[in-house]
Amino acid sequence: MTKLTIEDMAIFCKKKGFVYPNSEIYGGFSGFWDYGHLGVELKNNIKNEWWKYHVQSREDIVGIDGSIITHPKVWEASGHVESFQDIMLACPKCKEKIRADHFIQEKLQVNVEGHKAEEINSIIKKNKLKCPKCSSDFEDTQQFNLMFKTNVGPKEDKSPIAYLRPETAQLMFADFKLVVDNARLKLPFGIAQAGRAFRNEISPRDFLFRSREFEQMEIEYFAHPEQTNKCPFINEIIDTELNFYSAEMQQKNKKPVKMEVKDALNQRLISEWHAYWLSTEQNWFTNLGAKAENFRVRQHLREEKSHYALDTWDLEYNFPFGWKELQGIANRTDFDLKQHMKFSGKDLSIFDEETKKKIVPHVIAEPSLGVDRSFLVFMFDAYEYDKKRENVVLKLHPKLAPVKVGVFPLVSNKLEIVKKAREVYDLLKNEFNCRYDCSGSIGRRYARADEEGTFLGCTTDFDTLKDESVTLRHRDTTEQIRIKIDELKETIRKLINNELKFEEAGKLVK
Ligand code: GAP
């Protein structure tokens, strides 16, 4: 089968109720998407798994949930008001507007992220690049700030301007002192936040990949300014294999190299903290069913780095449109805390018990992940067309599957069997997201459930009426076992948590 494109995925998501184009009845709204009944379940599962793994199961990370609109000074201090800009190419004739760096990358295969407007103008002129729609010359490039502006308070003209946050990150710095004091954290520690972010992207594209409203899951991970080289948890991930693509490899036109973290550290390819966080993040994905071969870790080139970053590595995924950033992991040093100290006049340093001195911690890693891009990764790696079954099987990890159990009466015209299926559904629905389905043949219902990623099918039949047992069907293998109704809940729980093998959970049906 030919590789699934991003357009195919958008069509599949719409057809099955995962994601719809926003306000489609009005012709759609570029850069905005609505999640449907299955999409919202999958998205919530992704966010919950992220929160469990990064916050609830760690002693060194706590969470916050800051507001979307915040004091405008926050964005002045962070540098977003001045520097959160892209360069736009505008066509005077057909009014097409496109992002200069993407356009040049596409046309010339040259990375110009971070280049100044004058440099971009000269590249455009030198290479005689024209508007892709009408072939006219572009106007001179313009800088464009990506933050959405709004007013606060009832009087529009007198209100101070405010912004919809372009990242969740800054609140972790603005609330830093409050969080550290209440949570009694000791370095190294992190503050996590998940929520919406907004960017007025010049050219949103590739379905959910680049939109104007999206969600992020971010951590600011702080270390002592004199202990930025040593990661105390490095042994936990030392054997993880990553596909490394350092700045040097890119400059020398070399290919990425797969190696274990311990070898990369020996070769001084990467810092301990970056190795730790990149591995931790890739492991989070692969533990939830994503395929390791679709990931690589790429270091930013000097000119690509954001204004605040000392070193940045991206966790990249092999999307159908190429290797692209899934998650950025920047070393932001003490840039943000110091900026907020400067702009607010407040002391955000903390007291170091060892040296008895005040210190400003360094953000040695800011793992910053898009929920919507993660959604795409899990969908692409789960999607399989099964030739024998002649339908798509969405092999999502059971913890991510939007529906855990589909409950079906084998036939819908036998009242007792239907009644039993309803009883089973009522038994399970408070614990697992279940779906009762009695329309069409049982084969059709299984196919529908496979396409929606439903992990298990539970069918009541004539034997159920005799011995209170049901058939449980595994989505990925179509294997079936027979199991007693009173064992269902516990068995399903264990199967979802991978504590029990399916074949051992009941009597195999031949
Ligand atoms: N606080 C750092 C920060 O926001 P970023 O690289 O600009 O860094 C982090 O964004 C992540 O947010 C990206 O790796 C991506 O997953 C997601 N993201 C950024 N812009 C996005 C957009 N327009 N649409 C969807 N996801 C986006």
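Values quoted throughout were computed directly from the atomic coordinates according to the rules given, and no laboratory measurement underlies them. Only a predicted model underlies this, so the values are computations on that prediction, with no experimental measurement involved. Note that each Cβ is placed from the backbone with ideal geometry, even for glycine, and that neighbours are counted across all protein chains shown.
For the peptides 292-298, 278-284, 256-262, 365-371, what is the packing order when you average, over each peptide's residues, the other Cβ atoms within 10 Å and list the highest mean first?
Values: 292-298: 19.7, 278-284: 21.9, 256-262: 16.6, 365-371: 23.4.
My ranking of the peptides, most packed first, is 365-371, 278-284, 292-298, 256-262.
Output the antiparallel fraction of DSSP beta bridges having both residues in the chain, as a percent to the nearest 5.
85 percent
Sequence-distant or interchain residues sharing an amide H contact under 5 Å with Ile61, placed H: which?
Gly190
Net charge around Leu427, counting only other residues with Cβ within less than 15 Å of its Cβ (Lys, Arg = +1; Asp, Glu = -1)?
Working: positive: Lys404, Lys419, Lys420, Arg422, Lys429, Arg435, Lys484, Lys489, Arg493; negative: Glu423, Asp426, Glu431, Glu468, Asp486, Glu487, Glu490.
Result for the local shell: +2.
For the chain, what does the helix formula give at 222 nm: sum of -39500 (n - 2.57) over DSSP H segments with n ≥ 4, over the residue count, nearest 500 deg cm²/dmol?
Working: 17 runs with 158 residues, N = 510.
Dividing the helical sum by the residues of the chain leaves -9000 deg cm²/dmol.
How charged is the neighbourhood of Phe189? Take every other residue with its Cβ under 12 Å from the Cβ of Phe189, and add Lys/Arg as +1 and Asp/Glu as -1. Can you show the working numbers first?
Working: positive: Arg58, Arg184, Lys186; negative: Glu59, Asp60, Glu220.
Once all neighbours under 12 Å are counted, the net charge is 0.
Take the alpha carbon gyration tensor of the range 164-306, find the square roots of its eigenvalues, order them as a ≥ b ≥ c, and report rounded if a/c is under 1.5; if not, report prolate when a/b exceeds b/c, else oblate.
Details: a/c = 1.73, a/b = 1.12, b/c = 1.55.
Oblate, because a/c is 1.5 or more while a/b does not exceed b/c.
When Lys and Arg each count +1 and Asp and Glu each count -1, what net charge do the other residues less than 9 Å away from Glu167, Cβ to Cβ, add up to?
Details: positive: Arg165, Arg199; negative: Glu218.
It works out to a net charge of +1.
Apply 1/(1 + (r/R0)^6) to the Cβ-Cβ distance of Asp426 and Trp51, taking R0 = 30 Å, and write down the FRET efficiency to the nearest 0.05. Don't skip to the answer; put the middle values down first.
Details: r = 29 Å, r/R0 = 0.98.
Once the sixth-power term is evaluated, E becomes 0.55.
Please flag any cysteine in the chain that has no other cysteine's Cβ under 4.7 angstrom from its own Cβ.
Flagged as lacking a Cys partner: Cys13, Cys231, Cys434, Cys438, Cys458.
Cα-Cα over 25 Å: which of Lys15/Lys95; Lys97/Lys128; Lys116/Lys324?
Numbers: Lys15/Lys95 33 Å; Lys97/Lys128 17 Å; Lys116/Lys324 23 Å.
The answer is Lys15/Lys95.
Write down the Å³ per residue value for the convex hull defined by the alpha carbon atoms of the chain.
Working: hull volume 102.3 nm³, N = 510.
Dividing the Cα hull volume of the chain by its residue count gives 200 Å³.
Report the full-extension gain for the segment Ser135 to Glu24: residue separation times 0.36 nm, less the Cα-Cα distance, to one decimal in nm. Intermediate results must be reported in sequence, preceding the final value.
On the way: separation 111, 0.36 × 111 = 39.96 nm, distance 3.02 nm.
Roughly 36.9 nm would be gained on extension.
Using only the alpha carbon atoms of the range 85-145, find the Kirkwood hydrodynamic radius as the inverse mean reciprocal pair distance, in angstroms to one decimal. Show your work: numbers first, answer last.
Details: mean 1/r = 0.0882 Å⁻¹.
The Cα-based Kirkwood calculation yields 11.3 Å.
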